[in-house]
Amino acid sequence: LRSGLEIAIVGPPNVGKSFFALDLALKVASGEPCHGRDVEQGAVLYIALEGNPSNRIEAYKQQNDISDDIPFRVVTSNIDLKDEASALDIIDTCHQIQLDTSFPVAHIVIDTLSRALCGDDNSPLDMGALIHNVDTIRRETGAHVMLVHHSGKDQARGSRGHSSLPAAIDTEIQVSRSEDGTIVARVQQQRDLPCEGEIAFALESITL
């Protein structure tokens with residue numbers, strides 16, 4: 001995950017997009033290797049707009065023996081990324097996290113794009129405003145920004161909504177589930193890098 005870039009995790013509902021995004025985010029916050037790749041530790045801001053992920057986070061930490069004091073912060077407040085004020089609030093939150101943890105925010109997750117966009121994701125004006133404000137967040141914080149987003153009716157065509165989004169992001173990773181329950185995250189689009197690579201995984205229930 002390179003700083004200063006934008007990535008979209010795309011897939012249908014209930015396929016494991018948020019679990020995949022959360023796994024990456026907690027790897028960054030803990031500095032633990034990620035699927036055989038080294039990780040540079042940094043603070044993470046996870047903006048959870050489709051339910052509080054506290055149980056998932058606790059289960060993940062328990063299963064992977066991760067300390068509670070890693071620089072990982074969750075925000076569940078509503079935001080509207082058509083509005084510049086929300087972008088400025090996120091930037092201020094990142095600055096406060098750095099003061100609290102002594103780690104600069106390296107990774108921001110917005111889960112999901114549709115809940116962060118209080119408008120129409122098919123509208124070029126609404127999507128354009130969101131892209132502009134995400135660019136502002138990325139530029140002012142230097143963080144990598146990850147958008148969790150739903151795919152359209154035709155999954156092969158990628159993300160739902162206006163075509164300005166796939167044109168603006170640096171990387172798109174599609175998440176899909178096979179009939180046997182295996183989930184695959186596959187690089188679908190990549191700017192200036194080879195469009196290759198996939199990770200297969202399954203979800204496991206953990207008793208808290």
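The values are calculated or read from the model by the stated rules, or taken from the named source; none is laboratory data. In this text the structure is predicted, and so the values were computed from the model without any measurement. Positions of Cβ are generated from backbone atoms using ideal geometry, with glycine treated the same way; all protein chains shown enter the neighbour counts. The accessibility values were calculated without ligands, DNA or RNA, using every heavy atom of the protein model including side chains. Shrake-Rupley method; radii C 1.70, N 1.55, O 1.52, S 1.80 Å.
Among what's in the range 74-96 and is open to solvent by less than 90 Å² (accessible area, probe 1.4 Å) and charged (D, E, K, R), pick the residue that is nearest to the chain's Cα centre (by Cα).
Asp80
Select from the range 128-173 the residues that are open to solvent by less than 30 Å² (accessible area, probe 1.4 Å) and of a type in the set (D, E, K, R) and write down the one among them that is modelled with the highest pLDDT.
For the range 128-173, the residue satisfying everything is Glu172.
Which one is modelled with the lowest pLDDT among residues in the range 45-73 that are among the small types (Gly, Ala, Ser) and open to solvent by 30 Å² or more (accessible area, probe 1.4 Å)? Give the steps one after another, and end with the answer.
Of all residues in the range 45-73, those among the small types (Gly, Ala, Ser) come to 48, 51, 54, 59, 67.
Next, only the ones that are open to solvent by 30 Å² or more (accessible area, probe 1.4 Å) stay: 51, 54, 67.
Details: Gly51: 85, Ser54: 94, Ser67: 90.
Once the filter is applied, the top-ranked residue is Gly51.
So, of the residues in the range 116-127 that are out of contact with any Asp or Glu (no Cβ under 6 Å at 6 or more places or on another chain) and open to solvent by 30 Å² or more (accessible area, probe 1.4 Å), which turns out to be nearest to Asp23 (Cα to Cα)?
By that ranking, first place goes to Asn122.
Would you mind telling me which numbered condition in (1) assigned to a loop (DSSP other than H, G, I, E, B); (2) closer than 24 Å to Val175 by Cα; (3) touching a Phe, Trp or Tyr at 6+ places or on another chain (Cβ under 9 Å) Val39 fails?
(3)
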